[in-house]
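Some notes on the structure that comes next.
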Amino acid sequence: MQSEFGNEEKERYSRQKSFFGIGEKGQKKLAAARVLILGCGGLGSAAASLLARAGIGYLKLVDRDFLDLSNLQRQILYEEHDVKEGLPKVIAAERRLREINSTIRIEPIITDVNRFNIEKLIADVDLVIDAVDNFETRFLLNEACVKQKRPWIYGAAVESYGLTMNIIPGKTACLRCIMDNIPQPGSTNTCETVGVLSPIVTIIASIQSAEAIKILTGNTKDINQNLLSIDLWQNSYQAIDVTKSKIQKNCPVCNNHEFDFLNGKRGSAYTAICGRNAVQILPFKELILDLPELTLKLSSLGSVKANEYLIRFEIEKYELSIFPDGRMIVKGTTDTGIARSLYSKYLGN
Ligand SMILES: [Zn+2]
């Protein structure tokens with residue numbers, strides 16, 4: 001794609017092409033590369049900005065959520081007017097990324113990642129950046145990536161610490177190799193319970209982006225082989241060797257191809273959302289809601305704001321965001337029972 005800069009376009013990547021690890025050849029590989037950024041919060045928005053600037057030819061952005069004022073502290077793609085417009089994150093991200101680099105393809109997808117859509121989402125990309133906020137989705141992503149042999153880059157940040165690791169199926173340990181099970185709900189810190197410092201988010205996203213560039217340009221001998229753990233407050237920088245994990249264990253995912261999350265043997269339909277005092281509820285079957293009709297119905301019951309992407313409905317002390325695919329995010333509680341009953345009350349079962 002040509003931008004308005006015409007011949008000056010070759011200048012865009014001049015500093016990157018001068019870098020020994022990339023060059024003209026590497027830049028062409030980046031232009032041909034397809035990357036999925038799963039989650040467009042703190043990690044995802046920083047990685048999307050870096051990878052768009054680096055000239056990744058196609059970026060697929062997936063996120064289920066809309067913007068909130070509390071996002072601006074660390075989610076560097078977004079601005080106050082995006083929050084005022086009530087935009088879904090991927091739509092605001094797409095707009096900003098197009099302003100950064102008009103020569104690449106960007107595809108925003110507003111959806112929750114689940115076992116029904118994960119395989120399709122990763123099928124046409126070369127690499128996945130993990131920028132999700134929960135382990136259940138990560139375990140699902142891990143299984144789908146091992147099954148389809150797609151590299152993915154684990155990333156997580158909370159409080160002042162963060163973790164990242166490259167997972168290249170068949171070559172490195174996978175998430176399940178190093179972690180037996182999803183941490184129990186309530187047993188892990190979340191952005192909501194302990195907060196998060198913005199610099200740890202951008203550091204982890206920067207490492208993920210650098211590793212993505214190495215993998216996509218074929219510099220595989222230079223990729224990081226360790227689980228990196230950084231704590232900016234405690235000044236701790238650790239590289240944990242996980243290269244032996246795969247050999248030591250009989251990994252159910254890598255070795256036995258037991259895809260329990262993909263097959264629906266494990267996993268739930270409710271998710272508490274990190275940092276939001278909110279619960280997301282998924283419909284039990286595929287749905288397409290008539291938003292204008294629903295807006296009309298709900299406006300007699302409480303305050304309703306709607307745009308083409310979602311309805312925001314305030315009732316009692318809760319704020320319900322309803323998406324065309326039948327998902328609902330209930331803000332004002334972390335109690336899945338309350339959220340479930342609000343869902344039944346206003347959307348039915
Ligand atoms: Zn494994």
As straight-line cross-link partners of Lys297, the qualifying lysines (C-alpha separation under 17 Å, not fewer than 8 residues apart within one chain) are Lys305, Lys345
Which value, in Å² and to the nearest 10, is the accessible area of His81 when all protein chains are kept and the probe is 1.4 Å? 90 Å²
On the protein heavy atoms, probe 1.4 angstrom, tell me the percent of accessible surface of the range 1-157 carried by carbon and sulfur. 52 percent
Which Cα, out of Tyr58, Asn250, Asn263, lies furthest along the positive dipole direction of the chain (beta carbon charges, K/R +1, D/E -1)? Asn250
Expected field for Asp126, accessible surface area in Å² at 1.4 Å probe radius, rounded to 10, holds 70 Å²
Please report, in whole Å, how far the alpha carbons of the range 277-347 spread along each principal axis, starting with the longest. 29, 27, 18
Please compute the per residue accessible area over the chain with all protein chains in place, 1.4 Å probe, rounded to a whole number of Å². 47 Å²
Dividing the surface of the Cα convex hull of the chain by four yields a projected area in nm² of 18.2 nm²
For the chain, give me the percentage of DSSP beta bridges that are antiparallel, rounded to the nearest 5 percent. 70 percent
Excluding residues on the same chain fewer than 8 positions from Lys147, give the lysines whose Cα lies under 19 Å from its Cα. Lys120, Lys171, Lys246, Lys249, Lys265
Segment Asn256-Thr295, extension gain: residue separation times 0.36 nm, minus the distance between their alpha carbons: 9.2 nm
Between Ile338 and Tyr309, what is the FRET efficiency for a Förster distance of 30 Å, r being their Cβ-Cβ separation, to the nearest 0.05? 0.75
Scanning the chain for GluC sites (Glu not before Pro) in DSSP loops with at most 10 other Cβ atoms within 10 Å, what's the longest stretch left with none? 5-285
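The values are calculated or read from the model by the stated rules, or taken from the named source; none is laboratory data. Bear in mind the structure is a predicted one, so any value in this text is a computation, not a measurement. Note that we place each Cβ from the backbone using ideal geometry, even for glycine, and neighbour counts take in every protein chain shown. We work out accessible area using only protein heavy atoms, side chains counted, and drop any ligands, DNA or RNA first. Shrake-Rupley method; radii C 1.70, N 1.55, O 1.52, S 1.80 Å.
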